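Single-structure report; data block below.
The values are calculated or read from the model by the stated rules, or taken from the named source; none is laboratory data. The structure displayed is predicted, hence computed values, not measured ones. Virtual Cβ from ideal backbone geometry, glycine too; neighbours counted across all protein chains shown.
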Amino acid sequence: MTAEKILELFPAMKDIQDEELRRLSIRAMIDAMAQGGWDENNVHLAPVTVTYDGVTCNLIEHVNLVTDICMTIYEKVSGYYAANGRPLDRDTVLCGALLHDIGKFTEYALVDGKICHGQYADIMRHPLSGAVIAGRAGLPERIIHLIATHSFEGDKSYLTAEADFVRTIDQFAFKCSVYGLPKK
């Protein structure tokens, strides 16, 4: 997997303003995909979940949806957060939204043409494996924290404002992917 392909799959990566954070984020994404056996030919098959039938999107689509929603809402509420003494860091929200599920590239695998749990899925869910991958790539602790706490692993953990923000939007987007949009 190349950096150019990552930018094609996740165009919002280009919007990370801190060049080093962008470079490390791309590196982490490449490492996660390589570790899980995903490449340019099969990455579009990476699932957002294998637990539920009828999921309406793949992992790339889910990450891009979460990122789009995060940044749209960020633009609307960042002033409110700042005015109330808890400013949201834009690059942390953006980077966290893009990387929150990188561990899924190792949690799930493509074996003999079938999607299944990966080799280490029984000992480490994607928030933990994603945090490990992010740490190895040299990403800052605020991003590692966000990845580690974005799912139910964060239920009893301290959450930064950015982690809570991305986590809430991810949960909404995931429910929409699994259960569909609420009916009128």
query = List the pairs whose first member sits in region 116-131 and is surrounded by 16 or more Cβ atoms within 10 Å (Cβ to Cβ), whose second member is of a type in the set (Lys, Arg) and in a helix (DSSP H, G or I), and whose Cβ atoms are under 8 Å apart, counting only residues at least 6 apart or on separate chains?
reply = His126/Lys104; Gly130/Lys104
ask   = Any chance region 86-103 includes a residue that's buried (at least 16 other Cβ atoms within 10 Å of the Cβ), in contact (Cβ under 8 Å) with a residue 40 or more places away in the chain, over 22 Å from Ala46 (Cα atoms) and of a type in the set (Lys, Arg)?
value = yes
ask   = Which of the residues belonging to region 17-73 are touching a His at 6+ places or on another chain (Cβ under 7 Å) and at pLDDT below 95?
value = Val48, Val50, Asn58
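Yes/no matrix, rows are residues, columns are (1) of a type in the set (Asp, Glu); (2) touching a residue at least 12 places away in the same chain (Cβ under 8 Å); (3) in contact with a Gly (Cβ under 6 Å, 6 or more places away or on another chain):
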residue: Met29; (1), (2), (3): no, yes, no
residue: His44; (1), (2), (3): no, yes, no
residue: Pro47; (1), (2), (3): no, yes, no
residue: Val50; (1), (2), (3): no, yes, no
residue: Asp53; (1), (2), (3): yes, no, no
residue: Asn58; (1), (2), (3): no, yes, no
residue: Val63; (1), (2), (3): no, yes, no
residue: Tyr80; (1), (2), (3): no, no, no
residue: Asn84; (1), (2), (3): no, no, no
ask   = Has region 99-122 got any residue that is of a type in the set (A, V, I, L, M, F, W, C), closer than 15 Å to Arg167 by Cβ and assigned to a helix (DSSP H, G or I)?
value = yes
inquiry  = I'd like the residue in region 38-92 that is over 20 Å from His126 (Cα atoms) and of a type in the set (D, E, K, R) and, out of all such residues, is nearest to the chain's Cα centre (by Cα).
reply    = Asp68
query = among the charged types (D, E, K, R) and over 14 Å from the mean Cα position of the chain (by Cα): does that describe Glu162?
reply = no
task = Within region 22-37, track down each residue that is farther than 14 Å from Cys116 by Cα and either buried (at least 18 other Cβ atoms within 10 Å of the Cβ) or under 14 Å from the mean Cα position of the chain (by Cα) (or both).
result = Arg22, Leu24, Ser25, Ile26, Arg27, Ala28, Met29, Ile30, Asp31, Ala32, Met33, Gln35
task = Would you check if there is a residue in region 89-99 being farther than 17 Å from His150 by Cα and in contact with a helix residue (DSSP H, G or I) (Cβ under 6 Å, 6 or more places away or on another chain)?
result = no
